Structure formats: C-alpha cells, structure tokens
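One structure is given here, and the rest of the page talks about it.
Only the coordinates and a few stated rules stand behind these numbers; no lab work does. From a predicted model like this one, the values you see are computed outputs, not experimental measurements.
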Amino acid sequence: MKISLTLCLSLVVPAAIAQPALSWQSTFGGSADEEILAAEQTPDGGYVLVGYTNSDDGQVTGQQGNSDLWVVRTDAMGGLLWQRSLGASASERGHAVANTSDGGFIVAGTVEDKVEMSPRSSVMAISGW
C-alpha cells in the first residue's frame, strides 16, 4: 500500500503544480487604489467587472469622492470597452454583478454614509452602455 500511494502522489503532484496557460492579462485603473470584487462573463465572451476606485485619472473618469463603485467592461481579450465610476460623497463599492436579459447588468453593492458610518445595501440596474 505504501508503494502505491507514493507512486500515485508522484504522478498527481506534478500535474497539480503545473501552471495553466495565460490567455490574456490587462491592467485597469489610475494612480490611486482600485479593487475588483466581482466579475461576470458576458454573452459575447467579454467581462463585466465591479469593485471600487479611489482614482480620477488614468482609465478612471467621473470619480465623485472617497471610493466610488466602479464598473469596467472588457472585450473577450481583456481590452477596455468602457468604465463608469458611480457614486457621490459617500463610499460606494460594487460586490456582485450579473447579466440581465436585456443585455445590461445588475450590480449589488454597499454605500457607507460619512455621517452614519454604517454600510447600507444598494442594487442598481445598468443598461444602454
């Protein structure tokens, strides 16, 4: 039994360590902090990514202050199609995203008010981009 287990491990371990081939790699954002918290593949093979941004430069436009909910749309090879910063004076973050039947997206996130300092849940539908 010990020999079989050793042989089995010697065959399995190299396969488990092997690195998958990288299809593509892209970097998005500006000079401050960004974080992608969720991603969903779109019907055309691209991706919609949500999270937050603190930048208002580089590939980020429209940032309103503090951290804003950030939506990034890519093509199938990771090329930037569009991005949107959504927020106000509070801190907003996108935590989940899904495709909708009309070709848009639904995003769930949180809003933390500066006065209350307590996060509230928020859901928004995005279409027409």
Residue by residue, what Karplus-based ³J(HN,Hα) values in Hz, rounded to whole numbers, does the range 52-57 have, using 6.51, -1.76 and 1.60 with θ = phi - 60° and x for Gly and Pro?
8, 9, 10, 8, 9, 8
A student applying the Cα gyration tensor rule (rounded when a/c is under 1.5; otherwise prolate if a/b is larger than b/c, oblate if not) would label the range 26-126 oblate
